[in-house]
Amino acid sequence: MRPYEVMVIFDVGAEPPAIQAVVDRLLETVRASGGAPGHVDRWGRRPFAYELRHRREGYYVVVELTGEPRTVAEIDRLLSLADEVLRFKVIRIPDKVAARVGSGGGGRTRQGARGPAPRSPGGRGASYGGAPSGAAVDAAAPAAD
């Protein structure tokens, strides 16, 4: 079983019961194919960055689930046939991310995990093409006696 996330954008002209019916069919499809539906997050109406099918906004719903690739194929078929759906995207969540989210720990999952690269005193890394990062700091700092 693999973790997935499905984002569905519905037409804002669709009635709320029609949107709920599509979400219910999606969840039932996941259950019928042996998967496990997770959290359903309703974002509500959001404006688009550009016009989509002559619409300027849509109703967003994000569904988390676990299932097999055949489950995703069935979800793809279901959502592409639904008239209320403007767009959708199914994303497989990487196992490392799913383990962190599932355990509830927001921190590092293993000992010694690398964090962000250390920064030099001048604020620029070694790849900066200008003066060495310490030179600007040394020139501006008063001499210590």
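Restricting attention to the stretch 33-87, the residues being surrounded by 12 or more Cβ atoms within 10 Å (Cβ to Cβ), assigned to a loop (DSSP other than H, G, I, E, B) and without any contact (Cβ under 8 Å) to a residue 40 or more places away in the chain number 2. In a residue-by-residue description of the stretch 4-14, the property of being farther than 25 Å from residue 98 by Cβ, among the hydroxyl-bearing types (Ser, Thr, Tyr) and either exposed (fewer than 11 other Cβ atoms within 10 Å of the Cβ) or modelled with pLDDT of 95 or more (or both) applies to no position.
The values are calculated or read from the model by the stated rules, or taken from the named source; none is laboratory data. All figures in this text were calculated on a predicted structure; none of them were measured in a lab. As a convention, Cβ positions derive from the backbone with ideal geometry for all residues, glycine included, and neighbour counts pool all protein chains shown.
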